[in-house]
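Asker: Take this structure, written in structure tokens, and hold onto it; I'll ask about it next.
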Amino acid sequence: MTKAVIIEQHGGPEELKLVDVTVGQPGPGEIRIRHKAIGLNFIDVYQRSGVYQLPMPLHLGMEASGIIEAVGEDVTHLKVGDRAAYASQPPGSYCEERVMPAKCVCKLPDAISFETGAAMMLKGLTAQYLLKRTLPQGGLKAGDFILFHAAAGGVGLIACQWAKALGYQLIGTAGSDAKCALAKANGAAHVINYNTEDFLARVKEITGGKGVKVVYDSVGKDTWDKSLDCLAPFGLMASFGNASGAPAPIAPGILGPKGSIYLTRQTLFSHIVTRESTQEMADDLFDAVTSGKVKIHIDQTYPLADIAQAHRDLEARKTTGCTLITL
């Protein structure tokens with residue numbers, strides 16, 4: 001038996017229940033992992049609340065690190081005793097031990113702690129696919145302006161550092177002066193408190209009226225309309241979340257008058273659909289962290305038994321950087 005967090009219906013944090021479950025043996029293409037630490041992400045809130053509808057009862061959690069305890073047939077990249085970390089479907093990382101598909105589980109370099117590994121996989125791989133794979137027409141080059149909303153969050157702080165290493169001028173938004181200062185300290189070239197400033201006007205000022213080549217937006221409804229207007233002609237609006245709620249539907253015809261701009265809705269799980277792409281992206285992330293280009297900020301820690309409070313604080317935007325769930 002092992003402890004795991006489940007929900008039996010969609011709803012608020014009160015639906016999260018810590019229960020005893022049985023863990024079996026891995027089948028072909030699977031591994032069994034005993035967790036050392038677990039990551040918390042906004043996708044967990046979407047799944048709990050019903051923004052993303054999933055069958056019940058539902059085991060929650062998308063990333064963790066630990067030790068491989070058993071390996072099923074056809075798994076060649078991992079062995080018993082390996083240190084490992086993952087960001088992966090299906091959900092279920094809020095537990096002490098689990099059986100899961102092996103293709104998105106990566107061997108964790110010795111230079112990276114279990115805590116860092118658990119905190120960085122989903123958020124770090126998200127920053128990787130945004131900055132390296134979700135690019136405007138003609139790509140990005142050193143000196144280009146990009147706009148990144150929620151820049152003091154888990155993905156945001158990683159993106160600030162990585163963008164600086166790539167030579168981009170990241171304009172980061174956040175909801176308080178303290179969060180703006182944190183983004184600035186982590187490499188944002190410019191910061192905007194969108195609760196006290198008009199971020200569209202500031203972006204136009206910063207860029208000399210030209211706008212940015214790409215907007216990376218996980219906020220959604222609250223930032224959507226002005227974000228489109230921040231784009232330079234042929235710019236890219238890259239949505240990868242909706243923390244404030246889903247934006248209203250838009251007619252494709254509005255994209256033309258705004259400069260023939262592009263619009264995409266991205267998700268990590270499209271990028272890690274194969275073993276090869278997962279490992280390629282993870283290797284890039286591991287290199288960024290071990291080289292010192294990117295530091296993973298673990299700013300909050302909660303025991304698994306307090307997972308409901310962790311969700312409340314995340315939804316209330318009381319957190320910065322990465323949040324770790326301990327066992």
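Asker: Which is within 30 Å of Val51 (Cα to Cα) and in the same structural domain as Ala87 (by TED's automatic domain parsing), of Ile192, Ile296? Step through it out loud before you land on a result.
Answerer: Working: Ile192 fails: in the same structural domain as Ala87 (by TED's automatic domain parsing).
Selected residue: Ile296, the only one of Ile192, Ile296 that is within 30 Å of Val51 (Cα to Cα) and in the same structural domain as Ala87 (by TED's automatic domain parsing).
Asker: State whether the residues of the range 13-20 include one that is modelled with pLDDT of 95 or more and either in a loop (DSSP other than H, G, I, E, B) or outside the structural domain of Ile67 (by TED's automatic domain parsing) (or both).
Answerer: Yes, there is a match, as at least one residue in the range 13-20 is modelled with pLDDT of 95 or more and either in a loop (DSSP other than H, G, I, E, B) or outside the structural domain of Ile67 (by TED's automatic domain parsing) (or both).
Asker: For the subset of the range 274-327 comprising residues that are part of a strand (DSSP E or B) and in contact with a His (Cβ under 7 Å, 6 or more places away or on another chain), which member is surrounded by the fewest Cβ atoms within 10 Å (Cβ to Cβ)?
Answerer: Gly321
Asker: Something else now. Going through Ala183, Ala150 one at a time, which residue ends up being at pLDDT 95 or above, surrounded by 19 or more Cβ atoms within 10 Å (Cβ to Cβ) and within 17 Å of Lys293 (Cα to Cα)?
Answerer: Ala183
Asker: For Asp217, indicate whether it is in contact (Cβ under 8 Å) with a residue 24 or more places away in the chain, surrounded by fewer than 18 Cβ atoms within 10 Å (Cβ to Cβ), of a type in the set (Asp, Glu) and in contact with a helix residue (DSSP H, G or I) (Cβ under 8 Å, 6 or more places away or on another chain).
Answerer: So Asp217 fails the test.
Asker: Would you call Ala248 in the same structural domain as Gly175 (by TED's automatic domain parsing), assigned to a loop (DSSP other than H, G, I, E, B) and surrounded by fewer than 18 Cβ atoms within 10 Å (Cβ to Cβ)? Write out each step before concluding.
Answerer: Details: in the same structural domain as Gly175 (by TED's automatic domain parsing): yes; assigned to a loop (DSSP other than H, G, I, E, B): yes; surrounded by fewer than 18 Cβ atoms within 10 Å (Cβ to Cβ): yes.
Judged against the criteria, Ala248 is a match.
Asker: Only residues that are farther than 18 Å from Gly27 by Cα, touching a Gly at 6+ places or on another chain (Cβ under 9 Å) and part of a loop (DSSP other than H, G, I, E, B): list them for the range 56-92, please.
Answerer: Those that are farther than 18 Å from Gly27 by Cα, touching a Gly at 6+ places or on another chain (Cβ under 9 Å) and part of a loop (DSSP other than H, G, I, E, B): Leu60, Gly61, Met62.
Asker: Suppose the filter is at pLDDT 95 or above and assigned to a loop (DSSP other than H, G, I, E, B); does Gly235 pass it?
Answerer: Criteria not met by Gly235.
Asker: Can you pull out the residues in the range 271-295 that are β-branched (Val, Ile, Thr) and closer than 12 Å to Ala127 by Cα?
Answerer: Selection gives Val294 alone.
Asker: With the structure loaded, tell me whether Ser260 is surrounded by 15 or more Cβ atoms within 10 Å (Cβ to Cβ), among the hydroxyl-bearing types (Ser, Thr, Tyr) and either touching a Lys or Arg at 6+ places or on another chain (Cβ under 8 Å) or assigned to a loop (DSSP other than H, G, I, E, B) (or both) or whether it fails that test. Steps first, answer last, please.
Answerer: Details: surrounded by 15 or more Cβ atoms within 10 Å (Cβ to Cβ): no; among the hydroxyl-bearing types (Ser, Thr, Tyr): yes; either touching a Lys or Arg at 6+ places or on another chain (Cβ under 8 Å) or assigned to a loop (DSSP other than H, G, I, E, B) (or both): yes.
When the stated conditions are applied, Ser260 does not pass them.
Asker: Of the residues Glu205, Glu276, Glu197, only one is of a type in the set (D, E, K, R) and either under 25 Å from Leu314 (Cβ atoms) or at pLDDT below 95 (or both); which?
Answerer: Unique residue meeting the criteria: Glu197.
Asker: Scanning for something among the hydrophobic types (A, V, I, L, M, F, W, C), assigned by TED's automatic domain parsing to the domain that holds Asp20, in contact with a Cys (Cβ under 6 Å, 6 or more places away or on another chain) and farther than 30 Å from Lys210 by Cβ, does the range 308-321 turn up at least one residue?
Answerer: Looking for residues that are among the hydrophobic types (A, V, I, L, M, F, W, C), assigned by TED's automatic domain parsing to the domain that holds Asp20, in contact with a Cys (Cβ under 6 Å, 6 or more places away or on another chain) and farther than 30 Å from Lys210 by Cβ, one finds none in the range 308-321, hence no.
Asker: Mind counting the residues in the range 45-78 that are under 22 Å from Leu285 (Cα atoms) and not hydrophobic (A, V, I, L, M, F, W, C)?
Answerer: 6
Asker: Within the range 168-213, take every residue that is part of a loop (DSSP other than H, G, I, E, B) and of a type in the set (Val, Ile, Thr) and give me the one that is nearest to Ile298 (Cα to Cα).
Answerer: Of everything passing the filter in the range 168-213, Thr196 is nearest to Ile298 (Cα to Cα).
Asker: If you don't mind, another one. All but one of (1) under 11 Å from Val105 (Cα atoms); (2) surrounded by fewer than 18 Cβ atoms within 10 Å (Cβ to Cβ); (3) free of Cβ contacts under 8 Å to residues at least 40 places away in the same chain hold for Val19, so report the exception by its number.
Answerer: Going through (1) under 11 Å from Val105 (Cα atoms); (2) surrounded by fewer than 18 Cβ atoms within 10 Å (Cβ to Cβ); (3) free of Cβ contacts under 8 Å to residues at least 40 places away in the same chain one by one, Val19 breaks only (1).
The values are calculated or read from the model by the stated rules, or taken from the named source; none is laboratory data. Values in this document were obtained by computation on a predicted structure and should not be read as measured data. All Cβ positions, even for glycine, are placed from backbone atoms using ideal geometry, and neighbour counts span all protein chains on display.
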